[in-house]
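The values are calculated or read from the model by the stated rules, or taken from the named source; none is laboratory data. What you are looking at is a predicted structure, and each value in this text was computed from that prediction instead of being measured. Because the Cβ atoms are built from the backbone with ideal geometry, glycine has one as well, and the counts that use them run over all protein chains shown.
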Amino acid sequence: MRTQIFLLAAAATLTYSTIKADNYVLSSENTSLIVAASKGGGEATYRYFGAKLTDAEARTLDYARAALGRSAYPTFGLNSVGEKAFMAEMPDGSLSLDPVVQDVERSTDKNGQLLIITYKDRVYPFQLRQYFKLYNQSDVFSTWTEYQNLGKKDIKLLRYYSANVPLPRGNNYATHFHGNWGAESQMQEHYVTNGETVLSNKQQLRNAFEVNPSMMVSFDGEPQENAGRVFGANLMWSGNFKMILHASNNSLTLLAGINDDGATYVLQPQEIFTTPELAMAYSTEGKGGVSRAFHRWALRHALMHGDKLRDILLNSWEGVYMNVNQPVMDQMMADIASLGGELFVMDDGWFGDKYPRNNDHTSLGDWMVNPRKLPEGIEGLIASSKKHSVKFGIWIEPEMANTQSELYDNHPDWILSEKDRPLRQGRGGTQVVLDLTNPKVQDFVFGVTDQLLSKHPEIAYIKWDNNADIMNYHSPYLPSNRQQELNVRYHQGLRSVLQRLREKYPDIVIQVCASGGGRANYGLLPFFDEFWTSDDTDAIQRLFIQWGDSHFYPAKAQASHVSASPNHQTRREVPLKFRFDVAMTGRLGMELQPKNMTDAEREFASRAITAYKDIRPVVQEGDQYRLVSPYLHGPITSLMYASQDKRHVAFFAFRPNFVYADLLPSVQLAGVDEHLMYKVRDLTPQNAKQPCSFNGKTISGRVLKQVGLRLDQVLNRPLTSVALELVAE
């Protein structure tokens with residue numbers, strides 16, 4: 001029987017036009033998007049987004065309970081009822097728009113198929129283009145809009161969302177992700193009642209702290225991991241955003257785009273403004289199906305170097321904090337090399353001359369080596385990395401400055417600051433934000449990285465941090481009538497810098513960090529290889545954070561580090577094996593001082609790193625299946641990764657909660673092939689000579705999937721975990 005289809009807003013009133021609209025279809029392997037439009041007609045309409053339909057099947061949509069005539073991009077104007085995706089003030093003060101379809105064209109770009117609908121207003125010199133895109137070799141679609149002022153006077157854009165997506169109203173549940181420093185991406189799920197569910201971010205530079213710019217909507221009751229119809233959307237933007245899920249008795253619509261609060265944009269004559277893309281996926285395999293669609297898409301299209309495996313690294317931060325110097329850096333490089341690591345990253349504390357960086361009160365902006373800490377300079381560090389056969393990376397925070405810095409002394413006009421008002425300062429009491437709306441500041445920020453890499457091409461990795469939001473809402477560069485554009489223009493400036501950087505240095509690996517996971521978004525990830533998931537490295541906390549992030553972001557993008565015990569953030573003591581097993585579910589790294597480890601810990605770490613290398617391809621490039629959620633607050637949490645052919649599997653289970661005699665459920669491995677037999681290997685036994693009872697066994701894929709693994713013998717103590725490799729025979 002054909003998979004149940006997704007009709008974009010069931011049982012709504014049909015509307016009709018005197019001009020017959022044509023259906024335009026974009027179809028991936030599993031999904032179809034159908035939009036109806038006609039030249040000379042009014043608004044284009046969504047017809048369908050769901051399981052793939054043939055052209056013949058698409059022609060029969062009129063006989064289904066579809067909401068024909070639901071606008072694909074409603075504008076404020078002649079019909080001012082209901083939520084609108086776009087609103088503008090014309091030069092004469094009018095807020096009315098009456099767009100007419102001028103053209104519908106199909107096209108392609110380097111990574112997908114395009115459907116472009118061009119509108120012009122009947123009265124005013126204003127043009128709007130709506131784009132729909134299907135990414136090659138993926139089930140992810142996107143939509144965005146472009147505006148052009150064709151007249152001779154300014155037009156004010158008052159609301160300019162990227163998309164308006166009708167959805168089927170029924171037994172809907174929404175899934176979204178909230179948090180703060182140290183507790184990012186906490187999952188929240190709820191029934192969608194009539195009214196509005198609003199996800200809104202106003203932190204300006206770190207838009208994933210309060211709420212991630214993403215949402216899933218389930219249509220068959222409470223969301224399931226691997227069953228049921230689910231829609232997922234992620235806004236590809238790094239600044240303030242708003243997502244509104246508007247529900248009534250018989251309709252459901254998602255509006256998404258740049259947050260319009262205090263963000264009027266002046267569109268000058270002939271200027272073109274483009275909104276961010278809203279990436280979308282649909283699956284009949286539950287939330288997990290949407291996640292896997294986004295992960296595959298990201299590795300091909302939305303993550304820098306998505307086709308390359310990530311190195312195992314040691315970061316110096318929690319090991320020595322700002323107490324960096326040449327001998328200690330050399331020692332840490334030697335230690336990570338001896339454990340099997342491949343990269344060493346020197347974090348904060350290495351720079352500043354007149355104002356040495358010994359704490360967070362000073363030196364941001366002065367990106368010269370502190371000669372008292374590093375008398376041999378970067379050259380000495382690179383020489384150490386070559387001696388120990390590891391790559392070398394370095395930390396920078398180029399968008400920021402301290403008021404105690406040579407940069408601030410010389411260029412106070414480069415700082416976001418308000419006239420005649422006290423300068424509000426952030427971290428350390430002295431941190432301020434550079435004005436990236438200013439082209440000269442953009443040149444400086446680009447130059448920070450350019451000078452490092454041009455002088456030291458051996459640098460393999462950069463950690464790009466951002467530890468503040470806009471505290472002083474005024475740009476000395478922007479004219480007085482364009483100050484409301486600061487939030488938008490800052491991110492346009494940042495994007496310009498990153499484009500220049502990637503054009504000149506396409507091969508450098510760069511991590512985006514923002515006091516942790518504050519920049520986990522697809523607005524920036526096309527320029528970055530990964531994001532720092534959280535400053536909270538506690539393994540128990542990371543189970544929740546990484547579970548939330550995995551709904552839209554692949555494991556390859558999530559930097560997950562083994563840190564010391566007791567943990568520096570929570571003071572919790574967690575066994576080294578548990579810490580390693582959690583970190584191995586993302587991009588494995590370490591963040592501690594290796595010389596403080598015991599011989600037994602070093603021996604285990606070496607074995608775990610070797611084991612991770614064996615499963616690195618399937619963890620970083622395979623399909624993820626979330627099996628048992630930490631949000632159930634039961635005794636165990638579990639997840640797995642499977643290669644595309646399901647012949648190579650990495651399985652993880654954790655017991656963070658322990659009550660004696662708790663019944664541990666068998667865990668069914670949803671991602672295996674029932675027709676295969678799998679040989680099992682214990683990847684990280686505490687004692688190399690005493691692997692768990694599964695080690696060496698051959699188990700039927702059908703048993704693994706339908707019956708599951710019994711874990712009570714291996715997870716029989718508090719804070720125990722197991723990591724298994726399964727290879728098809």
Failed condition for ILE116, given (1) surrounded by fewer than 17 Cβ atoms within 10 Å (Cβ to Cβ); (2) closer than 25 Å to GLU485 by Cα; (3) β-branched (Val, Ile, Thr): (2)
Answer yes if at least one residue in the stretch 338-351 is surrounded by fewer than 24 Cβ atoms within 10 Å (Cβ to Cβ) and among the aliphatic types (A, V, I, L, M), and no otherwise. yes
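Working only within the stretch 595-609, note down all residues that are part of a helix (DSSP H, G or I) and surrounded by fewer than 20 Cβ atoms within 10 Å (Cβ to Cβ). Let's see the steps before the verdict.
First, pick out the residues of the stretch 595-609 that are part of a helix (DSSP H, G or I): 595-596, 599-609.
Residues satisfying the conditions are LYS595, ASN596, ASP599, ALA600, GLU601, ARG602, GLU603, SER606, ARG607.
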Residues that are farther than 16 Å from THR253 by Cβ and either crowded, with 23+ Cβ neighbours inside 10 Å or in contact (Cβ under 8 Å) with a residue 60 or more places away in the chain (or both), drawn from the stretch 157-175: LEU157, LEU158, TYR160, THR175
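Kindly provide the set of residues from the stretch 340-364 that are touching a residue at least 60 places away in the same chain (Cβ under 8 Å) and not in a loop (DSSP other than H, G, I, E, B), ordered by number.
Applying the first criterion (touching a residue at least 60 places away in the same chain (Cβ under 8 Å)) to the stretch 340-364 yields 340-341, 343, 345, 347-348, 359-362, 364.
The answer is LEU343, VAL345.
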Go through the stretch 706-727 residue by residue and tally those that are of a type outside the set (A, V, I, L, M, F, W, C), closer than 21 Å to PRO635 by Cα and surrounded by 16 or more Cβ atoms within 10 Å (Cβ to Cβ). 3
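Residues checked against (1) in contact (Cβ under 8 Å) with a residue 60 or more places away in the chain; (2) among the aromatic types (Phe, Trp, Tyr); (3) assigned to a strand (DSSP E or B):
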position	(1), (2), (3)
ALA611	yes, no, no
ILE615	yes, no, no
VAL619	yes, no, no
ARG626	yes, no, yes
LEU639	yes, no, yes
GLN644	no, no, no
PHE651	yes, yes, yes
VAL659	no, no, no
ASP662	no, no, no
Taking the residues in the stretch 65-82 that are modelled with pLDDT under 85 and not small (Gly, Ala, Ser) as candidates, determine which candidate is surrounded by the most Cβ atoms within 10 Å (Cβ to Cβ). ARG70
Which one of the conditions (1) in the same structural domain as ASN259 (by TED's automatic domain parsing); (2) modelled with pLDDT under 90; (3) surrounded by 13 or more Cβ atoms within 10 Å (Cβ to Cβ); (4) not hydroxyl-bearing (Ser, Thr, Tyr) does LEU8 fail to meet, given that it meets all the rest? (1)
Can GLU89 be described as over 25 Å from PHE294 (Cβ atoms), surrounded by 13 or more Cβ atoms within 10 Å (Cβ to Cβ) and modelled with pLDDT under 95? no
In the stretch 502-526, which residues are assigned to a helix (DSSP H, G or I) and either surrounded by fewer than 22 Cβ atoms within 10 Å (Cβ to Cβ) or touching a Pro at 6+ places or on another chain (Cβ under 6 Å) (or both)? ARG502, GLU503, LYS504, PRO526
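Any residue at all in the stretch 683-696 that's assigned to a strand (DSSP E or B), of a type in the set (S, T, N, Q) and more than 22 Å from GLY586 (Cβ to Cβ)? Steps first, please.
First pass over the stretch 683-696, keeping only residues assigned to a strand (DSSP E or B): none.
Within the stretch 683-696, not a single residue is assigned to a strand (DSSP E or B), of a type in the set (S, T, N, Q) and more than 22 Å from GLY586 (Cβ to Cβ).
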Can you spot a residue in the stretch 593-604 that is without any contact (Cβ under 8 Å) to a residue 24 or more places away in the chain, touching a helix residue (DSSP H, G or I) at 6+ places or on another chain (Cβ under 8 Å) and on the phi < 0 side of the Ramachandran plot? yes
Do we find a residue being over 27 Å from ASN259 (Cβ atoms) and in contact with a Pro (Cβ under 9 Å, 6 or more places away or on another chain) anywhere in the stretch 109-124? yes
Could you list, in sequence order, the residues of the stretch 371-413 that are surrounded by fewer than 20 Cβ atoms within 10 Å (Cβ to Cβ), among the basic types (Lys, Arg) and not in a loop (DSSP other than H, G, I, E, B)? LYS386, LYS387
Please enumerate the residues belonging to the stretch 266-311 that are assigned to a strand (DSSP E or B) and among the small types (Gly, Ala, Ser). ALA279, ALA281, SER283
Could you pull out the residue among GLU674, GLU729, GLU725 that is more than 18 Å from THR585 (Cβ to Cβ), charged (D, E, K, R) and in contact with a helix residue (DSSP H, G or I) (Cβ under 8 Å, 6 or more places away or on another chain)? GLU674
When the stretch 544-576 is examined, which residues are found to be surrounded by fewer than 20 Cβ atoms within 10 Å (Cβ to Cβ) and in contact with a strand residue (DSSP E or B) (Cβ under 7 Å, 6 or more places away or on another chain)? none
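Identify, from the list LEU309, LEU314, LEU303, the residue that is surrounded by fewer than 20 Cβ atoms within 10 Å (Cβ to Cβ), modelled with pLDDT of 95 or more and touching a helix residue (DSSP H, G or I) at 6+ places or on another chain (Cβ under 7 Å). Even if it seems obvious, please write down each step before you answer.
Working: LEU314 fails: surrounded by fewer than 20 Cβ atoms within 10 Å (Cβ to Cβ); LEU303 fails: surrounded by fewer than 20 Cβ atoms within 10 Å (Cβ to Cβ).
When all the criteria are applied, what remains is LEU309.
What residue, of VAL488, VAL497, VAL509, is touching a residue at least 12 places away in the same chain (Cβ under 8 Å) and over 18 Å from PRO439 (Cα atoms)? Quick ask: steps written out before the conclusion?
Details: VAL488 fails: over 18 Å from PRO439 (Cα atoms); VAL497 fails: over 18 Å from PRO439 (Cα atoms).
That would be VAL509, the only listed residue that is touching a residue at least 12 places away in the same chain (Cβ under 8 Å) and over 18 Å from PRO439 (Cα atoms).
Condition check: more than 30 Å from GLN137 (Cα to Cα), part of a loop (DSSP other than H, G, I, E, B), at pLDDT 95 or above and not β-branched (Val, Ile, Thr). Does GLU573 satisfy that?
On the way: more than 30 Å from GLN137 (Cα to Cα): yes; part of a loop (DSSP other than H, G, I, E, B): yes; at pLDDT 95 or above: yes; not β-branched (Val, Ile, Thr): yes.
So GLU573 passes the test.
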Given LEU543, LEU486, LEU478, which one is part of a loop (DSSP other than H, G, I, E, B), modelled with pLDDT of 95 or more and farther than 28 Å from SER389 by Cβ? LEU478
Just checking, does the stretch 312-324 include any residue being part of a loop (DSSP other than H, G, I, E, B) and under 19 Å from LEU524 (Cβ atoms)? no
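So which residues in the stretch 132-152 are under 32 Å from the mean Cα position of the chain (by Cα) and either without any contact (Cβ under 8 Å) to a residue 60 or more places away in the chain or surrounded by fewer than 19 Cβ atoms within 10 Å (Cβ to Cβ) (or both)? Break it down stepwise before answering.
As a first pass, look at the stretch 132-152 and keep what is under 32 Å from the mean Cα position of the chain (by Cα): 132-148.
Passing the criteria: ASN136, GLN137, GLU146.
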Single condition LEU364 does not satisfy, out of (1) aliphatic (A, V, I, L, M); (2) surrounded by fewer than 22 Cβ atoms within 10 Å (Cβ to Cβ); (3) closer than 29 Å to TYR490 by Cβ: (2)
Does the stretch 438-475 hold any residues that are touching a Leu at 6+ places or on another chain (Cβ under 7 Å) and part of a helix (DSSP H, G or I), and which are they? VAL441, GLN442, VAL445, PHE446, THR449
Return only the number of the condition from (1) more than 34 Å from the chain's Cα centre (by Cα); (2) outside any loop (DSSP other than H, G, I, E, B) that ALA337 does not satisfy. (1)
If I ask for residues that are among the aliphatic types (A, V, I, L, M), outside any strand (DSSP E or B) and over 18 Å from VAL101 (Cβ atoms), which ones from the stretch 139-167 would you list? VAL140
